[in-house]
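The values are calculated or read from the model by the stated rules, or taken from the named source; none is laboratory data. What you are looking at is a predicted structure, and each value in this text was computed from that prediction instead of being measured. Here Cβ is always computed from backbone atoms with ideal geometry, including for glycine, and neighbour counts include all displayed protein chains.
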């Protein structure tokens, strides 16, 4: 029986449990994992009677995503095949640990009225949550690569327009690669 543990911030425990325990129950239903939440400590125990560790891993990722600020509805995206959770530590990326610097850096990723975050989501295909001293990302591998690169550039002080142009170029290149890869091979010969 695979068992994993996760810890989430205490202020996110209520979101994880949900009204009347609905979110916790929905995670269990959708993944097949047992979900036990210690509301006092924010510790979550995930287990599966099934021998498939994938159920427990998916449940853990959903729990961690909710703990990093995603709504349960956005975290369900992790149930899709080849969709992953990535978490960037703002302090580790920038070296800044002061509250005022963290607030300023978080604001760069979010942008005025959330426009920078929305633009990164649109251009990368990732869902983004900025919570505490982290930026969490949900997406497919190539989407995560693009969004991670963009967020790291913003965290290091790059201009928004530069980052958005880079994302647009990377998205075009990925579309061209995808079209080339799916094109039928010609029969020359």
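Before moving on, here are some points about what is shown:
- If you go through the stretch 118-141 and pick out every residue that is outside any strand (DSSP E or B) and within 12 Å of residue 89 (Cα to Cα), you end up with 2.
- Positions within the stretch 70-84 being surrounded by fewer than 21 Cβ atoms within 10 Å (Cβ to Cβ) and touching a helix residue (DSSP H, G or I) at 6+ places or on another chain (Cβ under 9 Å), in sequence order: 71, 72, 74, 76, 77, 79, 82, 83, 84
- Among the residues listed as 102, 155, the single one being modelled with pLDDT under 95, surrounded by 18 or more Cβ atoms within 10 Å (Cβ to Cβ) and not assigned by TED's automatic domain parsing to the domain that holds residue 57: 155
- Any hit, the stretch 106-113, residues being outside the structural domain of residue 71 (by TED's automatic domain parsing), assigned to a strand (DSSP E or B), under 24 Å from residue 67 (Cβ atoms) and under 15 Å from the mean Cα position of the chain (by Cα): no
- Checked against the criterion of being farther than 20 Å from residue 72 by Cα and at pLDDT 95 or above, the candidates 162, 94 yield just one match: 162.
- Subset of the stretch 1-54 (residues that are assigned to a loop (DSSP other than H, G, I, E, B), without any contact (Cβ under 8 Å) to a residue 60 or more places away in the chain and surrounded by fewer than 18 Cβ atoms within 10 Å (Cβ to Cβ)): 1, 2, 18, 32, 39, 40, 41, 42, 49, 50, 51, 52
- Among the candidates 144, 78, 154, 166, the residue that is in contact (Cβ under 8 Å) with a residue 40 or more places away in the chain, assigned to a helix (DSSP H, G or I) and farther than 30 Å from residue 18 by Cα is uniquely 154.
- Of all residues in the stretch 135-152, those that are within 21 Å of residue 74 (Cα to Cα) and either surrounded by fewer than 20 Cβ atoms within 10 Å (Cβ to Cβ) or not assigned by TED's automatic domain parsing to the domain that holds residue 90 (or both) total 6.
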